[in-house]
Amino acid sequence: MAGLGRVLLDALKVHGAREIFGIPGDFVLPFCKVIEEASVLPFYTLSHEPAVGFAADAAARFHGGISVAVATWGAGAFNLVNPIAGAYAERSPVVVISGAPGIAERTSGWQLHHMSRAIDTQTRIFREITCDQAVLNDPARAPADIARVLRSASLHSLPVYIELSRDLVLAETAAVPILPAPSVDAEALAECADEIIFRLRAARQPVLMVDIETRRYGIEAQVAALARGLGIPVVTTFMGRGLLSEHADVVRGTYLGAAGRADITALVEGSDGLLLLGVILSDTNFAVSERKIDMRRVMLAINRQVRIGHHTYLDLPIDALMQALVDRVPKIPRGTALPGEKPTTLRIDDGAIEPSDIAAAINDLFAAHGPMAIAADMGDCLFTAMEIANTGLVAPGYYAGMGFGVPAGLGACVSDVGRPLILVGDGAFQMTGFELGNCRRYGWDPIVIVFNNTSWEMLRVFQPESRFNNLDDWRFAELAGPLGGDGIRVRTRHELRHALDRAYATRGKFQLIEVMLPRGQTSDTLARFIAGFKAAREQG
């Protein structure tokens, strides 16, 4: 027997959590005290709850398991709603733990501070954006509730919600059991795998397309083995950019429809045997398709279901499916890298910088020193990332919320991905950029590139006549020093190259490069995406 707070921490670690991000508050103070004193998991406090949610989301994505976001009840937890909604949309298993009023407080008859409408309002809101919930108000029942919820997070790769009454943090309770995963119907699995293999072998132009569940369930190596065994090329989606970066012999490129390479577009849209593995059928992935993909000829595995034409197989997890597929093909050793689009290189002169120049400069950096993991915000910084050599990447590609990039980069700092590179626009930096001030306490030293065009430029490309897209110049580089880092503002390609080289060589504190971009300039990829999106919308 141990205190409920300590039992919860032990269960989180056993279920794969490696860290906790949070912000203390009165209702969660007792639990924060246990987190700090027990030292079961490292506890990183940030400055605002949205950053807590984004950092936990990114950490979960990078290490392929659960991560934890802790906040106080009401005023704190409600600030987590947007990042957790994004994590739900993009299938990231974040465990939200909210401190809550004590049992006696709940029945006092008083209106409690931080309460919005009713005691259970917060729980009902999180029920919409998490796949399982538990209100821990009974120490005897708590271990079973915790076990169920944590299994749900791992099983479905989705956020879950736990509410912990502050007067029960030290209440004695039993250890949390580990629940077994649901059994898989072996006959259904075999039939499904046989049908997929038959269709792939019969197809004239088979293609494997991978998206987020490929990383969430740790099946990248199996996808590569399947592709080698059948001799089938692999493409990633826009959201899946960075997947299989260690398997260059099977990855042909990223499918971006009209915004991408013509050969990749023709490969995917001309396929008569397209297997979508963990692919979200979203507008960001398919809105700029030059030719509508016939979903009747597509095989789709996502959310523990497999759809093949008019056949649907339920309760088939994608990791079990992939193992069954790999078991049915020859074992082929890794080959040489497939020919792909040659990464751009920076033309070094005193000309003004364009967004695609940033991609070229990063490609040069990677060529000289090896790839770095990237955390990108939404906007042209993400489309620019599509022009960077394939590497580990996290970004809100489907949910498309702003403010993700900087805290996601902090989440990367505590993952096993090495020193991360953060790409963020000036609008998003205004939202969460000050979280860099937390780097000094923890010894984090990401390299941050701010795309500063004093504008919400991606919105401008849709509605150029609106003056509200204009932003002021906040001179971010000058803020880096007081926040504990180094900052430099660059305007030319020559200055960009020098700044990147210096940033890479400097360790121990974050390095911020503020790249000044002219309004109206976008990356080549975003320009093609917008043109394709508008054309598709007009046709629709």
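Where in segment 295-410 are there helices (runs of 4 or more DSSP H), lying fully within it, with 2 or more residues that are outside the structural domain of S157 (by TED's automatic domain parsing) and over 22 Å from the mean Cα position of the chain (by Cα)? Break it down into steps so the answer makes sense when it comes.
On the way: elements: 318-326, 355-369, 380-385.
Output list reads 318-326, 355-369.
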Practice task
Assess whether T121 counts as being at pLDDT below 95 and among the β-branched types (V, I, T).
Solution key: yes
Completion exercise
Condition set in contact with a Leu (Cβ under 6 Å, 6 or more places away or on another chain), farther than 21 Å from T284 by Cβ and free of Cβ contacts under 8 Å to residues at least 60 places away in the same chain, scope segment 225-263, selection surrounded by the fewest Cβ atoms within 10 Å (Cβ to Cβ): answer is I232
Exercise for the section: Return yes when A87 is buried (at least 24 other Cβ atoms within 10 Å of the Cβ) and either touching a Pro at 6+ places or on another chain (Cβ under 6 Å) or assigned by TED's automatic domain parsing to the domain that holds G409 (or both) and no when it is not. Expected result: yes
Practice task
For segment 281-298, enumerate the residues that are under 27 Å from G64 (Cα atoms) and buried (at least 22 other Cβ atoms within 10 Å of the Cβ).
Solution key: N285
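Inside segment 1-113, counting only helices (runs of 4 or more DSSP H) that do not spill past its ends, which hold 3 or more residues that are within 19 Å of A375 (Cα to Cα) and not small (G, A, S)?
On the way: elements: 4-14, 29-38, 49-63, 81-89, 103-106.
In segment 1-113, 49-63, 81-89 are the helices (runs of 4 or more DSSP H) which contain 3 or more residues that are within 19 Å of A375 (Cα to Cα) and not small (G, A, S).
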Handout entry: Flag for S466 being among the small types (G, A, S) and surrounded by 20 or more Cβ atoms within 10 Å (Cβ to Cβ)
Key = no
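Across segment 366-402, what is the total count of residues that are of a type in the set (F, W, Y), more than 19 Å from D57 (Cβ to Cβ) and touching a residue at least 40 places away in the same chain (Cβ under 8 Å)?
1
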Practice task
Return the residue satisfying two criteria in turn: it lies in segment 64-75 and is over 19 Å from L41 (Cβ atoms) and small (G, A, S), and of such residues it is surrounded by the most Cβ atoms within 10 Å (Cβ to Cβ).
Solution key: G74
Practice task
Determine if segment 340-348 includes at least one residue that is under 22 Å from L230 (Cα atoms), in contact (Cβ under 8 Å) with a residue 12 or more places away in the chain and surrounded by 12 or more Cβ atoms within 10 Å (Cβ to Cβ).
Solution key: yes
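Residues G86, G16: which one is in contact with a Gly (Cβ under 6 Å, 6 or more places away or on another chain), among the small types (G, A, S), in contact (Cβ under 8 Å) with a residue 12 or more places away in the chain and on the phi > 0 side of the Ramachandran plot? It would help to see each step written out before you state the result.
Working: G86 fails: on the phi > 0 side of the Ramachandran plot.
Matching residue, one of G86, G16: G16.
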Practice task
Would you point out which residue out of I449, I488 is surrounded by fewer than 22 Cβ atoms within 10 Å (Cβ to Cβ), closer than 22 Å to A361 by Cα and among the β-branched types (V, I, T)?
Solution key: I488
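The values are calculated or read from the model by the stated rules, or taken from the named source; none is laboratory data. Everything numeric here is computed off the predicted structure, so don't read it as measured data. Every residue, glycine among them, receives a Cβ derived from its backbone with ideal geometry; neighbour counts consider all protein chains shown.
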